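*Asks:* Can you keep this structure in mind? I'll have questions shortly.
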Amino acid sequence: MRPGLSRAVPMGILGFLIGMVILVAIRGLQGLQPLMDPQLAIILGTILAAGFFVYGMGALDPRMNQHAHEPEEGEEAHAMVVAEESVEEPAPPGQILGGYLWQLSTIVVLLLIGILVFALLPEGPALRTVHQEGANVSAVGYVPITIGAETYYISQLTALLGFIIFMFVSLAVVAGGLGMVFFGLNQGVKVVKDTAHTPLEAEPLEAASTSEGGLIRWLGVAVAAVAGFAIIDFIIGAPITNEFATVSFFLAAGCVFAVAFVLVGAVIRFVAAQRWAWLVRALIILGVAGLILGPVTFAVVWFMLSGLSVVAAAIFSLIVLATLVFTGLIVGMVYAVVVGILIPLFYFLLIGLIVPFAPPLLFGISAGNALLIAAIILRPKFIVHWIAYGAAWTAKQLRRLPGALQ
């Protein structure tokens, strides 16, 4: 993951864009019109682009200037010394993430250049979808942006570049955040194996034994989560959207999802222990799981919790979280809190800003991502185990199906 062209190319483009932004800022502070002067922009942008490109190639990186060691004392001055083979240490997570992001950005830049060359071919193949018959299909349009009382016009190409930059920044934040979480969890694996099981290591439906002090600590975590969401509500105000009255709604939704999974797990345990025909047990489990996790949960969340006030949502969440704590389902309590934090992140930022889904569908997709990511963060081994178990069970039932249908 050393510097090279994969980092230098996007860094050079980024330097050119930064030069243009600096020029606009300087001319704006001086009150000069127009804000963009192409001749000055090319000069300043080219200077910064060259500097960023050289930096991207690794001119300031000591790893790009490594040499074999000098001859030892007593050897000839020009004797060739073979450097000892050294095992290269694994790169840190941040360096690996940065290396892949630079590679992806370089590939995107090359694709855009290829599309641009294809679009500018004289009399080349093109699909005309313009209102004016003689319009140029390779021309770049402008988009009006109103800031205060002023209206600015930026090219669609600039808007596209801005969206690409935002896409890679959001990718770095999300992927980097998840990567750091998993890396941090992995660092303590060896330590955890040598200690007794903690409440978070117990099975999700297994009541973990904990001391009175432990119960008080977990209850404090639940109270802090409820209070944190309530404070955000009082700062932002209500309603936050046309569909949701409070931010605390998302924590309440996480509580409902956690309780729904507990109910489904209890049904699976009960039905699996019976001596009924396998097809009957399979139909009951799939039917109950689909009913609880589908229409019932969505109806409760969307039609009942979405209109609750801050106080009502806080009381509901606190009751559910406290019940999970005192019944020993610590994993369920933590899972509800993590889901409550992830759902608004997906709804407003990670999905809502990128794909304009309708609110019900957007909430469903956001909740699905939050439920899966929270499960992977808290119990990765448990998820892998049950995916393997589910695949094996499905394959077994499919092999039985021809005989059952005869």
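The values are calculated or read from the model by the stated rules, or taken from the named source; none is laboratory data. Source: prediction; values computed, not measured. With ideal geometry, Cβ positions are generated from the backbone for all residues, glycine too; neighbour counts draw on all protein chains shown.
*Asks:* Can you pull out the residues in segment 327-355 that are out of contact with any helix residue (DSSP H, G or I) (no Cβ under 7 Å at 6 or more places or on another chain) and in a helix (DSSP H, G or I)?
*Replies:* ILE341, LEU345, PHE348, LEU349, listed by residue number.
*Asks:* Also: Quick one: what pairs do we get from segment 143-159, first residue within 19 Å of PRO38 (Cβ to Cβ), second hydroxyl-bearing (Ser, Thr, Tyr), C-beta under 9 Å, 6+ apart or different chains?
*Replies:* Hits for this filter: VAL143/TYR153; VAL143/SER155; VAL143/THR158; TYR152/THR146; TYR153/TYR142; ILE154/TYR142; SER155/TYR142; GLN156/TYR142.
*Asks:* Moving on. With the checklist (1) over 30 Å from ALA282 (Cβ atoms); (2) surrounded by fewer than 20 Cβ atoms within 10 Å (Cβ to Cβ) in hand, flag the one item MET333 doesn't pass.
*Replies:* Of the numbered conditions (1) over 30 Å from ALA282 (Cβ atoms); (2) surrounded by fewer than 20 Cβ atoms within 10 Å (Cβ to Cβ), the odd one out for MET333 is (2).
*Asks:* If I filter segment 139-159 for residues that are in contact with a Ser or Thr (Cβ under 8 Å, 6 or more places away or on another chain), in a loop (DSSP other than H, G, I, E, B) and either modelled with pLDDT under 75 or of a type in the set (Gly, Ala, Ser) (or both), do I get at least one hit?
*Replies:* Yes, segment 139-159 has at least one match.
*Asks:* Would you confirm whether or not segment 285-307 contains a residue that is surrounded by fewer than 16 Cβ atoms within 10 Å (Cβ to Cβ), modelled with pLDDT of 90 or more and not in a helix (DSSP H, G or I)?
*Replies:* Checked against the condition, which is being surrounded by fewer than 16 Cβ atoms within 10 Å (Cβ to Cβ), modelled with pLDDT of 90 or more and not in a helix (DSSP H, G or I), segment 285-307 yields no hits at all.
*Asks:* Let me ask you something else. Answer yes if at least one residue in segment 201-220 is in contact with a Ser or Thr (Cβ under 7 Å, 6 or more places away or on another chain), in a helix (DSSP H, G or I) and either at pLDDT below 85 or over 25 Å from MET304 (Cβ atoms) (or both), and no otherwise.
*Replies:* No.
*Asks:* Return yes or no: is THR297 within 19 Å of GLU243 (Cβ to Cβ) and of a type in the set (S, T, N, Q)?
*Replies:* yes
*Asks:* Let me ask you something else. Could you please tell me which pairs satisfy a Cβ distance under 8 Å, a separation of 6+ or placement on different chains, a first residue in segment 220-236 that is under 13 Å from ILE341 (Cβ atoms), and a second residue that is of a type in the set (D, E, K, R) and assigned to a helix (DSSP H, G or I)?
*Replies:* none
*Asks:* Right, another one. Could you check how many residues of segment 356-387 are within 30 Å of ALA245 (Cα to Cα) and either outside any helix (DSSP H, G or I) or modelled with pLDDT under 75 (or both)?
*Replies:* 3
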